[in-house]
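A short write-up of the structure that comes next.
The values are calculated or read from the model by the stated rules, or taken from the named source; none is laboratory data. None of these values were measured; they are calculated from a predicted model. Note that we place each Cβ from the backbone using ideal geometry, even for glycine, and neighbour counts take in every protein chain shown. Note: accessible area is taken over every heavy atom of the protein model, side chains too, but ligands, DNA and RNA are not part of it. Shrake-Rupley method; radii C 1.70, N 1.55, O 1.52, S 1.80 Å.
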Amino acid sequence: MPELPIWQFDVLLLILVVVFAVVALSIRNLMGAAVVFGAYSFMMCLIWAGMGAVDVAFTEAAVGAGVSTVFVVSTLYNTGATMQRRTGGLAFKLFIGVVVTVAGAFLLSALPDFPKWGAPDSPVNATVAPYYILNTFEDAHVPNIVTSVLADYRGFDTLLETTVVFIACIAIYSIMRVDNAKLETDEPAIVAAPRYDPSDSLIVRQASRFMVPFMQLFALYVIAHGHYSPGGGFQGGVILGASLILLAISFDLKFLLRQWSEKTLMLLVAAGVFLYAAVGLACVFMGGNYLDYGFLDSVLPGERDMARSHGILLVEIGVGITVMFSMIAIHINLASNGRFDRGL
Amino acid sequence: MEKLITNFNYVIVVILMMIGLWAMLAQKNLIKKCIGMAIFQTGIILFFISIGAKNKAKVPILSKFVVENSSAIIVNDYANPLTQILMLTAIVVGVATLGVGLALAQKIYQQHSSFDEDEILENQRK
(Lines give C-alpha, C1' and ligand atoms only; values in the text may rest on other atoms or scores of the structure.)
Protein backbone atom coordinates (compact mmCIF):
# COMPACT_ATOMS: atom_id res chain seq x y z
CA MET A 1 0.00 0.00 0.00
CA PRO A 2 1.47 3.38 -0.96
CA GLU A 3 2.23 5.86 1.74
CA LEU A 4 -0.61 8.26 2.27
CA PRO A 5 0.49 11.82 1.46
CA ILE A 6 -2.33 13.29 3.50
CA TRP A 7 -2.79 12.82 7.20
CA GLN A 8 -4.87 9.90 8.34
CA PHE A 9 -6.90 12.47 10.23
CA ASP A 10 -7.79 14.07 6.91
CA VAL A 11 -8.96 10.76 5.50
CA LEU A 12 -11.26 10.33 8.50
CA LEU A 13 -12.65 13.85 8.06
CA LEU A 14 -13.19 13.34 4.34
CA ILE A 15 -15.24 10.22 5.02
CA LEU A 16 -17.17 12.01 7.79
CA VAL A 17 -18.01 14.84 5.40
CA VAL A 18 -19.62 12.41 2.95
CA VAL A 19 -21.56 10.78 5.81
CA PHE A 20 -22.84 14.17 7.00
CA ALA A 21 -23.85 15.15 3.46
CA VAL A 22 -25.87 11.95 3.08
CA VAL A 23 -27.47 12.37 6.50
CA ALA A 24 -28.38 16.03 5.84
CA LEU A 25 -30.17 15.01 2.68
CA SER A 26 -31.87 11.89 3.98
CA ILE A 27 -33.47 12.93 7.27
CA ARG A 28 -37.04 14.07 6.87
CA ASN A 29 -36.99 16.66 9.65
CA LEU A 30 -35.92 19.80 7.80
CA MET A 31 -34.81 21.60 10.97
CA GLY A 32 -32.54 18.65 11.69
CA ALA A 33 -31.24 18.73 8.13
CA ALA A 34 -30.25 22.37 8.59
CA VAL A 35 -28.34 21.57 11.78
CA VAL A 36 -26.57 18.56 10.26
CA PHE A 37 -25.62 20.74 7.33
CA GLY A 38 -24.02 23.16 9.80
CA ALA A 39 -22.00 20.27 11.23
CA TYR A 40 -21.01 19.31 7.68
CA SER A 41 -19.66 22.83 7.18
CA PHE A 42 -17.59 22.61 10.36
CA MET A 43 -16.03 19.33 9.21
CA MET A 44 -15.30 20.96 5.87
CA CYS A 45 -13.53 23.89 7.48
CA LEU A 46 -11.35 21.52 9.53
CA ILE A 47 -10.26 19.86 6.27
CA TRP A 48 -9.46 23.19 4.67
CA ALA A 49 -7.53 24.38 7.71
CA GLY A 50 -5.54 21.15 7.54
CA MET A 51 -4.61 21.92 3.94
CA GLY A 52 -3.30 25.37 4.90
CA ALA A 53 -6.29 27.38 3.71
CA VAL A 54 -6.93 29.15 7.00
CA ASP A 55 -8.70 32.15 5.50
CA VAL A 56 -11.11 29.92 3.62
CA ALA A 57 -11.73 27.80 6.71
CA PHE A 58 -12.39 30.94 8.75
CA THR A 59 -14.91 32.18 6.18
CA GLU A 60 -16.64 28.83 6.01
CA ALA A 61 -16.90 28.65 9.82
CA ALA A 62 -18.53 32.09 9.92
CA VAL A 63 -20.64 31.79 6.78
CA GLY A 64 -21.37 28.15 6.02
CA ALA A 65 -21.79 26.88 9.56
CA GLY A 66 -23.05 30.09 11.12
CA VAL A 67 -25.09 32.43 9.00
CA SER A 68 -26.46 30.05 6.35
CA THR A 69 -27.83 27.74 9.07
CA VAL A 70 -29.61 30.75 10.56
CA PHE A 71 -31.08 31.57 7.13
CA VAL A 72 -32.46 28.05 6.67
CA VAL A 73 -33.84 27.97 10.23
CA SER A 74 -35.55 31.35 9.88
CA THR A 75 -37.15 30.25 6.59
CA LEU A 76 -38.45 27.09 8.25
CA TYR A 77 -39.62 29.00 11.33
CA ASN A 78 -41.63 31.35 9.19
CA THR A 79 -43.30 28.72 7.07
CA GLY A 80 -43.77 26.18 9.84
CA ALA A 81 -42.94 23.33 7.48
CA THR A 82 -40.50 21.29 9.49
CA MET A 83 -41.23 17.84 8.11
CA GLN A 84 -40.62 16.67 4.60
CA ARG A 85 -43.42 14.81 2.83
CA ARG A 86 -42.67 11.15 2.14
CA THR A 87 -42.40 10.81 -1.60
CA GLY A 88 -42.52 7.73 -3.80
CA GLY A 89 -41.29 7.68 -7.38
CA LEU A 90 -38.59 5.04 -7.00
CA ALA A 91 -38.21 4.68 -10.78
CA PHE A 92 -37.57 8.43 -11.08
CA LYS A 93 -34.99 8.34 -8.31
CA LEU A 94 -33.24 5.38 -9.92
CA PHE A 95 -33.16 7.18 -13.25
CA ILE A 96 -31.57 10.24 -11.62
CA GLY A 97 -29.19 7.90 -9.82
CA VAL A 98 -28.02 6.47 -13.15
CA VAL A 99 -27.57 9.96 -14.63
CA VAL A 100 -25.55 11.09 -11.63
CA THR A 101 -23.44 7.92 -11.65
CA VAL A 102 -22.56 8.46 -15.31
CA ALA A 103 -21.60 12.07 -14.62
CA GLY A 104 -19.51 10.94 -11.65
CA ALA A 105 -17.83 8.22 -13.73
CA PHE A 106 -16.80 10.81 -16.31
CA LEU A 107 -15.29 12.97 -13.57
CA LEU A 108 -13.51 10.00 -12.01
CA SER A 109 -12.08 8.98 -15.36
CA ALA A 110 -10.06 12.22 -15.32
CA LEU A 111 -8.51 11.27 -11.99
CA PRO A 112 -5.38 9.46 -13.32
CA ASP A 113 -4.39 12.62 -15.21
CA PHE A 114 -4.15 14.69 -12.04
CA PRO A 115 -0.76 15.35 -10.48
CA LYS A 116 -0.17 13.70 -7.14
CA TRP A 117 -1.90 15.49 -4.26
CA GLY A 118 0.31 18.10 -2.65
CA ALA A 119 2.97 18.08 -5.37
CA PRO A 120 4.74 21.47 -5.28
CA ASP A 121 5.63 21.24 -8.99
CA SER A 122 2.10 20.79 -10.28
CA PRO A 123 1.04 23.36 -12.91
CA VAL A 124 -1.25 25.15 -10.47
CA ASN A 125 1.48 25.60 -7.90
CA ALA A 126 4.46 26.19 -10.15
CA THR A 127 3.34 28.76 -12.70
CA VAL A 128 1.81 32.01 -11.48
CA ALA A 129 1.38 31.50 -7.74
CA PRO A 130 5.11 31.82 -6.78
CA TYR A 131 5.09 35.45 -7.94
CA TYR A 132 2.58 36.36 -5.25
CA ILE A 133 4.47 34.51 -2.53
CA LEU A 134 7.81 36.11 -3.42
CA ASN A 135 6.70 39.68 -4.08
CA THR A 136 3.74 40.39 -1.86
CA PHE A 137 5.74 42.00 0.93
CA GLU A 138 7.87 44.17 -1.32
CA ASP A 139 4.86 45.26 -3.37
CA ALA A 140 2.21 45.81 -0.78
CA HIS A 141 3.81 45.43 2.66
CA VAL A 142 1.31 42.75 3.65
CA PRO A 143 2.55 39.47 5.15
CA ASN A 144 -0.78 37.67 4.67
CA ILE A 145 -0.51 36.72 1.00
CA VAL A 146 -4.20 35.87 0.74
CA THR A 147 -5.21 39.39 1.80
CA SER A 148 -2.90 41.11 -0.65
CA VAL A 149 -3.97 38.91 -3.58
CA LEU A 150 -7.62 39.32 -2.59
CA ALA A 151 -7.75 43.09 -2.34
CA ASP A 152 -4.80 44.26 -4.41
CA TYR A 153 -3.57 41.96 -7.20
CA ARG A 154 -7.05 40.64 -7.90
CA GLY A 155 -8.97 43.68 -6.67
CA PHE A 156 -11.37 43.67 -9.62
CA ASP A 157 -12.41 40.14 -8.76
CA THR A 158 -13.28 41.08 -5.19
CA LEU A 159 -15.01 44.29 -6.26
CA LEU A 160 -17.34 42.34 -8.50
CA GLU A 161 -17.89 39.61 -5.89
CA THR A 162 -18.91 42.29 -3.41
CA THR A 163 -21.26 43.65 -6.06
CA VAL A 164 -22.76 40.16 -6.41
CA VAL A 165 -23.50 40.12 -2.67
CA PHE A 166 -25.06 43.57 -3.03
CA ILE A 167 -27.19 42.42 -5.98
CA ALA A 168 -28.29 39.27 -4.14
CA CYS A 169 -29.36 41.48 -1.23
CA ILE A 170 -31.38 43.70 -3.59
CA ALA A 171 -32.90 40.59 -5.22
CA ILE A 172 -34.02 39.16 -1.87
CA TYR A 173 -35.37 42.53 -0.86
CA SER A 174 -37.44 42.82 -4.02
CA ILE A 175 -38.69 39.22 -3.76
CA MET A 176 -39.68 39.33 -0.11
CA ARG A 177 -40.54 42.88 0.88
CA VAL A 178 -44.25 43.64 1.15
CA ASP A 179 -45.96 46.87 2.03
CA ASN A 180 -47.31 46.55 5.55
CA ALA A 181 -50.03 49.19 5.08
CA LYS A 182 -51.34 47.52 1.93
CA LEU A 183 -51.31 44.12 3.58
CA GLU A 184 -53.52 45.20 6.47
CA THR A 185 -56.25 46.59 4.24
CA ASP A 186 -56.26 43.82 1.65
CA GLU A 187 -56.09 40.61 3.61
CA PRO A 188 -55.35 39.41 7.11
CA ALA A 189 -51.67 38.78 7.65
CA ILE A 190 -50.56 35.23 7.01
CA VAL A 191 -47.88 34.65 9.59
CA ALA A 192 -47.09 31.41 11.32
CA ALA A 193 -48.06 31.94 14.95
CA PRO A 194 -44.93 32.12 17.08
CA ARG A 195 -44.84 28.90 19.04
CA TYR A 196 -42.07 30.03 21.28
CA ASP A 197 -41.08 33.59 21.91
CA PRO A 198 -37.33 33.71 22.51
CA SER A 199 -37.49 37.27 23.75
CA ASP A 200 -39.13 35.91 26.91
CA SER A 201 -36.05 33.97 27.92
CA LEU A 202 -34.00 35.87 30.48
CA ILE A 203 -31.00 33.56 30.10
CA VAL A 204 -30.82 33.91 26.32
CA ARG A 205 -31.17 37.67 26.54
CA GLN A 206 -28.52 38.18 29.21
CA ALA A 207 -26.08 35.75 27.60
CA SER A 208 -26.32 37.42 24.22
CA ARG A 209 -26.05 40.83 25.85
CA PHE A 210 -22.68 39.71 27.22
CA MET A 211 -21.55 38.10 23.97
CA VAL A 212 -22.39 40.79 21.45
CA PRO A 213 -19.74 43.40 22.41
CA PHE A 214 -17.00 40.77 22.39
CA MET A 215 -18.16 39.44 19.03
CA GLN A 216 -18.08 42.93 17.58
CA LEU A 217 -14.67 43.68 19.05
CA PHE A 218 -13.33 40.44 17.62
CA ALA A 219 -14.86 41.24 14.24
CA LEU A 220 -13.19 44.66 14.18
CA TYR A 221 -9.89 43.01 15.07
CA VAL A 222 -10.40 40.51 12.24
CA ILE A 223 -10.91 43.31 9.72
CA ALA A 224 -8.11 45.55 11.00
CA HIS A 225 -5.59 42.75 11.56
CA GLY A 226 -6.40 40.93 8.31
CA HIS A 227 -3.05 42.02 6.89
CA TYR A 228 -1.09 40.02 9.45
CA SER A 229 -3.35 37.12 10.37
CA PRO A 230 -6.19 35.14 8.83
CA GLY A 231 -9.19 37.35 8.32
CA GLY A 232 -10.36 40.37 6.41
CA GLY A 233 -13.45 42.18 5.30
CA PHE A 234 -15.53 39.14 4.42
CA GLN A 235 -15.00 37.29 7.69
CA GLY A 236 -15.21 40.37 9.90
CA GLY A 237 -18.31 41.58 8.09
CA VAL A 238 -20.05 38.27 8.54
CA ILE A 239 -19.20 38.17 12.26
CA LEU A 240 -20.44 41.75 12.73
CA GLY A 241 -23.64 40.83 10.91
CA ALA A 242 -24.01 37.69 13.02
CA SER A 243 -23.69 39.71 16.23
CA LEU A 244 -26.62 41.91 15.23
CA ILE A 245 -28.60 38.88 14.00
CA LEU A 246 -28.04 37.37 17.46
CA LEU A 247 -29.54 40.52 18.98
CA ALA A 248 -32.49 40.29 16.62
CA ILE A 249 -33.11 36.67 17.61
CA SER A 250 -32.64 37.01 21.35
CA PHE A 251 -34.57 40.25 21.78
CA ASP A 252 -36.82 40.76 18.79
CA LEU A 253 -36.70 42.28 15.36
CA LYS A 254 -38.11 45.61 16.54
CA PHE A 255 -35.20 46.01 18.93
CA LEU A 256 -32.77 45.80 16.03
CA LEU A 257 -34.85 47.95 13.68
CA ARG A 258 -35.06 50.72 16.27
CA GLN A 259 -31.29 51.12 15.99
CA TRP A 260 -30.90 50.37 12.30
CA SER A 261 -33.91 51.42 10.30
CA GLU A 262 -34.72 49.74 7.03
CA LYS A 263 -33.53 52.76 5.07
CA THR A 264 -30.19 52.92 6.90
CA LEU A 265 -29.59 49.22 6.35
CA MET A 266 -30.14 49.36 2.61
CA LEU A 267 -28.12 52.57 2.27
CA LEU A 268 -25.19 51.01 4.10
CA VAL A 269 -25.31 47.90 1.91
CA ALA A 270 -24.76 50.19 -1.06
CA ALA A 271 -22.25 52.36 0.83
CA GLY A 272 -19.76 49.50 1.17
CA VAL A 273 -19.65 48.83 -2.57
CA PHE A 274 -19.49 52.58 -3.15
CA LEU A 275 -16.48 52.92 -0.82
CA TYR A 276 -14.66 50.13 -2.68
CA ALA A 277 -15.41 51.64 -6.09
CA ALA A 278 -14.55 55.14 -4.87
CA VAL A 279 -11.10 54.06 -3.66
CA GLY A 280 -10.54 52.60 -7.12
CA LEU A 281 -11.66 55.82 -8.74
CA ALA A 282 -9.41 57.90 -6.47
CA CYS A 283 -6.45 55.96 -7.87
CA VAL A 284 -7.49 57.02 -11.36
CA PHE A 285 -7.57 60.67 -10.30
CA MET A 286 -4.09 60.27 -8.80
CA GLY A 287 -2.82 59.16 -12.19
CA GLY A 288 -2.78 55.40 -11.85
CA ASN A 289 -4.91 52.56 -13.05
CA TYR A 290 -8.24 51.69 -11.47
CA LEU A 291 -7.62 50.06 -8.05
CA ASP A 292 -3.86 50.67 -8.24
CA TYR A 293 -3.51 51.83 -4.63
CA GLY A 294 0.18 52.66 -5.00
CA PHE A 295 -0.78 56.01 -6.48
CA LEU A 296 -2.54 57.02 -3.27
CA ASP A 297 0.83 57.65 -1.61
CA SER A 298 0.42 61.41 -1.74
CA VAL A 299 -2.77 61.19 0.36
CA LEU A 300 -2.06 58.21 2.59
CA PRO A 301 0.96 58.08 4.91
CA GLY A 302 4.06 56.16 3.96
CA GLU A 303 5.78 55.11 0.77
CA ARG A 304 4.20 53.41 -2.20
CA ASP A 305 4.07 49.95 -0.62
CA MET A 306 2.52 51.34 2.57
CA ALA A 307 -0.05 53.20 0.45
CA ARG A 308 -1.02 49.88 -1.10
CA SER A 309 -1.32 48.37 2.37
CA HIS A 310 -3.59 51.19 3.50
CA GLY A 311 -5.59 50.99 0.29
CA ILE A 312 -6.21 47.31 1.02
CA LEU A 313 -7.47 48.25 4.48
CA LEU A 314 -9.88 50.80 2.98
CA VAL A 315 -11.42 48.36 0.53
CA GLU A 316 -11.59 45.66 3.21
CA ILE A 317 -13.66 48.08 5.29
CA GLY A 318 -15.92 48.60 2.29
CA VAL A 319 -16.31 44.85 1.83
CA GLY A 320 -17.00 44.46 5.55
CA ILE A 321 -19.77 47.08 5.54
CA THR A 322 -21.52 45.56 2.52
CA VAL A 323 -21.30 41.98 3.81
CA MET A 324 -22.38 42.93 7.34
CA PHE A 325 -25.49 44.84 6.36
CA SER A 326 -26.51 42.54 3.53
CA MET A 327 -26.40 39.58 5.95
CA ILE A 328 -28.64 41.52 8.35
CA ALA A 329 -31.01 42.62 5.57
CA ILE A 330 -31.28 39.07 4.20
CA HIS A 331 -31.98 37.72 7.68
CA ILE A 332 -34.68 40.31 8.40
CA ASN A 333 -36.37 39.64 5.07
CA LEU A 334 -36.37 35.89 5.56
CA ALA A 335 -37.32 35.98 9.23
CA SER A 336 -40.18 38.45 8.96
CA ASN A 337 -41.67 37.34 5.64
CA GLY A 338 -40.58 40.66 4.18
CA ARG A 339 -42.79 42.58 6.61
CA PHE A 340 -39.98 44.02 8.74
CA ASP A 341 -42.08 43.96 11.91
CA ARG A 342 -41.62 40.72 13.79
CA GLY A 343 -40.14 37.34 13.21
CA LEU A 344 -37.64 34.87 14.56
CA MET B 1 -5.66 2.09 -8.00
CA GLU B 2 -2.65 3.72 -6.44
CA LYS B 3 -3.81 7.05 -7.83
CA LEU B 4 -7.15 6.43 -6.18
CA ILE B 5 -5.47 6.30 -2.77
CA THR B 6 -2.92 9.08 -3.23
CA ASN B 7 -5.59 11.35 -4.71
CA PHE B 8 -8.25 10.43 -2.20
CA ASN B 9 -9.34 14.10 -1.97
CA TYR B 10 -10.46 14.16 -5.57
CA VAL B 11 -12.50 10.98 -5.11
CA ILE B 12 -14.34 12.67 -2.23
CA VAL B 13 -14.81 15.78 -4.39
CA VAL B 14 -16.49 13.68 -7.09
CA ILE B 15 -18.66 11.89 -4.51
CA LEU B 16 -19.77 15.20 -2.96
CA MET B 17 -20.59 16.62 -6.37
CA MET B 18 -22.59 13.48 -7.19
CA ILE B 19 -24.50 13.78 -3.90
CA GLY B 20 -25.23 17.45 -4.55
CA LEU B 21 -26.32 16.85 -8.13
CA TRP B 22 -28.54 13.95 -7.03
CA ALA B 23 -30.17 16.11 -4.38
CA MET B 24 -30.82 18.94 -6.82
CA LEU B 25 -32.43 16.59 -9.35
CA ALA B 26 -34.13 13.88 -7.31
CA GLN B 27 -35.20 15.59 -4.10
CA LYS B 28 -38.70 17.02 -4.28
CA ASN B 29 -38.31 19.35 -1.32
CA LEU B 30 -37.14 22.87 -2.15
CA ILE B 31 -35.13 23.28 1.07
CA LYS B 32 -33.35 19.99 0.38
CA LYS B 33 -32.59 21.23 -3.11
CA CYS B 34 -30.96 24.34 -1.63
CA ILE B 35 -28.87 22.17 0.72
CA GLY B 36 -27.90 20.00 -2.24
CA MET B 37 -26.76 23.09 -4.12
CA ALA B 38 -24.60 24.11 -1.16
CA ILE B 39 -23.07 20.61 -0.97
CA PHE B 40 -22.23 20.72 -4.68
CA GLN B 41 -20.59 24.07 -4.11
CA THR B 42 -18.48 22.91 -1.16
CA GLY B 43 -17.37 19.97 -3.33
CA ILE B 44 -15.98 22.40 -5.89
CA ILE B 45 -14.34 24.49 -3.16
CA LEU B 46 -12.70 21.36 -1.75
CA PHE B 47 -11.39 20.64 -5.25
CA PHE B 48 -9.77 24.06 -5.55
CA ILE B 49 -8.24 23.88 -2.08
CA SER B 50 -6.92 20.39 -2.86
CA ILE B 51 -5.14 21.43 -6.04
CA GLY B 52 -3.60 24.41 -4.24
CA ALA B 53 -2.36 22.40 -1.26
CA LYS B 54 1.30 21.44 -0.97
CA ASN B 55 2.78 18.64 1.05
CA LYS B 56 4.31 19.86 4.34
CA ALA B 57 3.52 23.48 3.49
CA LYS B 58 2.58 26.22 5.94
CA VAL B 59 -0.34 28.62 5.78
CA PRO B 60 0.31 31.44 3.29
CA ILE B 61 1.29 34.08 5.84
CA LEU B 62 4.89 35.29 5.89
CA SER B 63 6.65 35.26 9.24
CA LYS B 64 8.48 38.24 10.70
CA PHE B 65 11.90 36.70 10.07
CA VAL B 66 11.18 35.94 6.43
CA VAL B 67 9.77 39.39 5.86
CA GLU B 68 12.96 41.06 7.06
CA ASN B 69 15.21 39.29 4.55
CA SER B 70 13.22 38.66 1.44
CA SER B 71 15.75 36.25 -0.04
CA ALA B 72 14.76 33.74 2.65
CA ILE B 73 11.33 33.11 1.15
CA ILE B 74 11.03 29.54 -0.09
CA VAL B 75 8.03 29.21 -2.37
CA ASN B 76 7.30 25.60 -1.51
CA ASP B 77 6.99 26.40 2.19
CA TYR B 78 3.66 28.11 1.61
CA ALA B 79 0.37 26.75 0.35
CA ASN B 80 -0.88 28.23 -2.91
CA PRO B 81 -2.68 31.51 -2.03
CA LEU B 82 -4.30 31.96 -5.43
CA THR B 83 -6.78 29.09 -5.30
CA GLN B 84 -7.61 30.07 -1.73
CA ILE B 85 -8.70 33.61 -2.50
CA LEU B 86 -10.82 32.48 -5.44
CA MET B 87 -12.72 30.20 -3.06
CA LEU B 88 -12.88 32.72 -0.22
CA THR B 89 -15.05 35.05 -2.26
CA ALA B 90 -17.03 32.11 -3.65
CA ILE B 91 -18.16 31.12 -0.15
CA VAL B 92 -19.62 34.55 0.63
CA VAL B 93 -21.31 34.72 -2.77
CA GLY B 94 -22.58 31.19 -2.07
CA VAL B 95 -24.40 32.27 1.08
CA ALA B 96 -25.94 35.20 -0.80
CA THR B 97 -27.26 32.89 -3.53
CA LEU B 98 -28.50 30.46 -0.86
CA GLY B 99 -30.41 33.41 0.59
CA VAL B 100 -31.98 34.15 -2.81
CA GLY B 101 -32.97 30.49 -3.16
CA LEU B 102 -34.54 30.44 0.30
CA ALA B 103 -36.41 33.69 -0.39
CA LEU B 104 -37.87 32.20 -3.57
CA ALA B 105 -38.80 29.00 -1.69
CA GLN B 106 -40.49 31.01 1.06
CA LYS B 107 -42.48 33.03 -1.47
CA ILE B 108 -43.58 29.80 -3.18
CA TYR B 109 -44.62 28.43 0.20
CA GLN B 110 -46.85 31.46 0.78
CA GLN B 111 -48.66 30.73 -2.49
CA HIS B 112 -48.95 26.94 -2.27
CA SER B 113 -48.41 26.10 1.43
CA SER B 114 -45.87 23.48 0.50
CA PHE B 115 -42.19 23.02 -0.23
CA ASP B 116 -42.94 19.86 -2.19
CA GLU B 117 -42.59 20.06 -5.96
CA ASP B 118 -45.37 17.58 -6.71
CA GLU B 119 -47.85 19.39 -4.49
CA ILE B 120 -46.94 22.73 -6.04
CA LEU B 121 -47.54 21.34 -9.53
CA GLU B 122 -50.89 19.87 -8.45
CA ASN B 123 -51.90 23.23 -6.99
CA GLN B 124 -51.00 24.99 -10.20
CA ARG B 125 -53.11 22.64 -12.35
CA LYS B 126 -56.23 23.33 -10.28
The stretch A:281-344 and the stretch A:215-272: distance between their alpha carbon centers, rounded to Å: 13 Å
Accessible-area order (highest first, 1.4 angstrom probe) of the listed residues B:Lys64, A:Lys182: B:Lys64, A:Lys182
Computed helical MRE - 222 nm, chain A, DSSP H runs ≥ 4 contributing -39500 (n - 2.57), nearest 500: -22000 deg cm²/dmol
Relative contact order, percent, the stretch B:2-125 [alpha-carbon distance under 8 Å, six or more residues apart]: 25 percent
Spatially proximal lysines relative to A:Lys254 (Cα-Cα < 18 Å; intrachain offsets below 8 disregarded): A:Lys263
Portion, in percent, of the accessible area of the stretch B:64-109 that falls on carbon or sulfur, probe 1.4 Å: 67 percent
Amide H partners (placed H, <5 Å) of B:Tyr78, local residues excluded: B:Lys58
Volume per residue of the C-alpha convex hull in the protein assembly as shown, rounded to whole Å³: 165 Å³
Listed peptides B:103-114, B:87-98 by packing density, highest first (mean Cβ within 10 Å): B:87-98, B:103-114
Å² of accessible area per residue within chain A, as computed with a 1.4 Å probe and no ligands counted: 45 Å²
On Cα atoms only, tilt of B:30-52 relative to the major axis of chain B in degrees: 10 degrees
Equivalent ellipsoid semi-axes, the stretch B:1-81, via Cα gyration tensor eigenvalues times 5, rooted, Å: 37, 16, 6
Where B meets A: accessible area buried, both sides, 1.4 Å probe, Å²: 8600 Å²
Heavy-atom SASA rank of A:Ser201, A:Ser68 (probe 1.4 Å, accessible area, largest first): A:Ser201, A:Ser68
Accessible area per residue, Å², chain B with all protein chains present, probe 1.4 Å: 40 Å²
Spatially proximal lysines relative to B:Lys33 (Cα-Cα < 22 Å; intrachain offsets below 8 disregarded): A:Lys93, B:Lys107
Residue-averaged [θ]222 nm for chain B, counting only DSSP H segments that reach four residues, each worth -39500 (n - 2.57): -24500 deg cm²/dmol
Packing-based order for A:270-279, A:310-319, using average beta carbon neighbours within 10 Å, highest first: A:310-319, A:270-279
Whole-Hz ³J(HN,Hα) from phi, Karplus 6.51 cos²θ - 1.76 cosθ + 1.60, for the stretch A:221-234, glycine and proline x: 4, 4, 5, 6, 9, x, 6, 10, 9, x, x, x, x, 4
Cβ crowding within 10 Å averaged over residues, with A:72-82, A:53-63 ranked highest first: A:53-63, A:72-82
Heavy atoms of A:Phe214: accessible area, 1.4 Å probe, square angstrom to 10: 140 Å²
For residues of A:155-165, the mean tally of beta carbons on other chains within 10 Å: 3
Chain A, accessible surface, carbon-and-sulfur percent (1.4 angstrom probe): 70 percent
Within straight-line cross-link reach of B:Lys64, lysines at Cα separation under 22 Å, skipping those fewer than 8 residues along the same chain: B:Lys54, B:Lys56
